[in-house]
Amino acid sequence: MNILCSKVELLEAVSNVQRAVSTKASLPALEGILLRAQGSTLYLAGFDMELGITTTIPATVQQPGEIVLSARMFGDIVRKMPGDQISIVTDNKYNTIIRNDVTEFSIMGMSAGDYPDIPNIEDGISVTLPQPLLKSMVRQTIFAVAAPNDPRPIYTGTKFEMNNNSLRLVSLDGYRLAMRTEQLTTEEELSFVVPGKTLQEVLKLLSDEDKPCALIVGRRHIIFEIDGYAVISRLLDGEFMAYDKIIFDDMSTTVTVNTRAFIDAVDRVSLVVNDRLKSPLVCEFRNSSISVSCTTPLGSANDCIPADIVGDEEDMGFNSRFLLDALRNSESDEVRVELKGAHKPMKVMPKEGDSFLFLVLPVRL
């Protein structure tokens, strides 16, 4: 292989592809990046057997070929190379010369034949979305995904539901739920669960510019096509909770409050809480205000903010981090909080409409 390409384009490609490379793998090739030169492009891929990221960049290909290079070393070399152009030349023994006008590195590569095949979807269903929409929907739901070591793997991902010309994303971890719904012009009916790890990488590639993003869904895998990158991931198997059965409509208390004021009050009171000293944050909804308080061995704190309260007065306890996550991800100036007694989940919604819905399970006082 003998190629010449732009350092800026190569560095961006390597930096993104590298995030799908395994750091500790039984197969050495999985700790590398696959490079394949043909025609007038250089193809790069990273893959850890569950998540893959691939892309192509323009290149002057004087001799086609393919090789696997250590992701860590190759990334560091490209990052620190001076100049605007980088030349990569390999021989039959996988010795690789990376150079420009004044700097040269010689490293050993691995055979591309040792690199596992990255899944491809031939008969999948394709759906196109605006990138800002998908970015917002993922960002508003991914915070409620269960931790990677959760004994219920299905909850370590976000459920996508497409039906009735709408797209809904749902995440839950047993203590909270996040749901976002948007209208979508499609007649497809699909339901699948994407790992949270995959969506974290998708978020990094999605743009705020009004550009399209394609989702290609197969039986066991999904591909996100974003600005020349393909993010390939397995889908999670298992039975997702019937979440609609835990969402109540007949609420006894409705609270409208300024989101930033509520966040600041909870944030201040949480200063007496740490990982070792976990105590519930007490919220008292009464007299046109929300009183927030907490007492731990470190001390106590109290705060109060105005709110519009209709219905029964309530005193409830919450995990401060879970409450903050819900408020911070509302992305609205005001939120509508709905309650149904001290032992039922609290609903956090936009002041008008129901584009998002967060449930936060209370802590018994």
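Here are the numbers:
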read-out: Residue count for the range 2-18, restricted to those that are surrounded by fewer than 19 Cβ atoms within 10 Å (Cβ to Cβ) and farther than 11 Å from residue 59 by Cα; value: 5
read-out: Total residues in the range 175-224, condition farther than 24 Å from residue 328 by Cβ, assigned to a strand (DSSP E or B) and polar (S, T, N, Q); value: 2
read-out: Top-ranked residue of the range 259-289 - restricted to ones that are under 20 Å from residue 341 (Cα atoms) and touching an Asp or Glu at 6+ places or on another chain (Cβ under 6 Å), ranked as surrounded by the most Cβ atoms within 10 Å (Cβ to Cβ); value: 285
read-out: Count of the range 125-137 residues which are outside any strand (DSSP E or B) and in contact with a Ser or Thr (Cβ under 7 Å, 6 or more places away or on another chain); value: 1
read-out: Criterion (within 24 Å of residue 197 (Cβ to Cβ), over 23 Å from the mean Cα position of the chain (by Cα), open to solvent by less than 80 Å² (accessible area, probe 1.4 Å) and in contact (Cβ under 8 Å) with a residue 40 or more places away in the chain) met by exactly one of 61, 68, 21, 78; value: 68
read-out: Candidates 301, 326, filtered to the one that is at pLDDT 95 or above, within 24 Å of residue 276 (Cβ to Cβ) and either touching a Gly at 6+ places or on another chain (Cβ under 6 Å) or part of a strand (DSSP E or B) (or both); value: 301
read-out: Residue check for residue 245: touching a residue at least 24 places away in the same chain (Cβ under 8 Å), among the basic types (Lys, Arg) and part of a helix (DSSP H, G or I); value: no
read-out: Test: residue in the range 336-350 that is part of a helix (DSSP H, G or I), out of contact with any Asp or Glu (no Cβ under 6 Å at 6 or more places or on another chain) and within 22 Å of residue 145 (Cβ to Cβ); value: no
read-out: Criterion violated by residue 166 - all others in (1) without any contact (Cβ under 8 Å) to a residue 24 or more places away in the chain; (2) open to solvent by 30 Å² or more (accessible area, probe 1.4 Å); (3) more than 23 Å from residue 51 (Cα to Cα) satisfied; value: (2)
read-out: Residue list for the range 137-154, restricted to those being touching a residue at least 60 places away in the same chain (Cβ under 8 Å) and not polar (S, T, N, Q); value: 138, 139, 142, 143, 144, 152, 153, 154
read-out: Residues located in the range 185-205, provided they are of a type in the set (Asp, Glu) and closer than 16 Å to residue 221 by Cα; value: 201
read-out: Breaking point among (1) among the aliphatic types (A, V, I, L, M); (2) open to solvent by less than 50 Å² (accessible area, probe 1.4 Å); (3) touching a Gly at 6+ places or on another chain (Cβ under 8 Å), for residue 102; value: (2)
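Yes/no per residue for (1) within 23 Å of residue 156 (Cα to Cα); (2) hydroxyl-bearing (Ser, Thr, Tyr):
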{"residue": "200", "(1), (2)": "yes, no"}
{"residue": "225", "(1), (2)": "yes, no"}
{"residue": "249", "(1), (2)": "no, no"}
{"residue": "269", "(1), (2)": "no, no"}
{"residue": "275", "(1), (2)": "yes, no"}
{"residue": "279", "(1), (2)": "no, yes"}
{"residue": "282", "(1), (2)": "no, no"}
{"residue": "288", "(1), (2)": "no, yes"}
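Rundown of residues vs (1) of a type outside the set (Ser, Thr, Tyr); (2) over 25 Å from the mean Cα position of the chain (by Cα); (3) under 26 Å from residue 22 (Cα atoms), yes/no style:
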| site | (1), (2), (3) |
| --- | --- |
| 48 | yes, no, yes |
| 90 | no, yes, yes |
| 100 | yes, yes, no |
| 147 | yes, no, yes |
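The rows are residues; the columns are (1) closer than 18 Å to residue 270 by Cβ; (2) modelled with pLDDT under 95; (3) open to solvent by 40 Å² or more (accessible area, probe 1.4 Å).
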| site | (1), (2), (3) |
| --- | --- |
| 291 | yes, no, no |
| 307 | no, no, no |
| 310 | no, no, yes |
| 331 | no, yes, yes |
| 341 | no, yes, no |
| 344 | no, yes, yes |
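The values are calculated or read from the model by the stated rules, or taken from the named source; none is laboratory data. Keep in mind the model is a prediction, meaning the values are calculated, not measured. A quick note on method: Cβ atoms are made from the backbone with ideal geometry, for glycine too, and the neighbour counts reach across all protein chains shown. The area values use the complete protein model at the heavy-atom level, side chains included, leaving out ligands, DNA and RNA. Shrake-Rupley method; radii C 1.70, N 1.55, O 1.52, S 1.80 Å.
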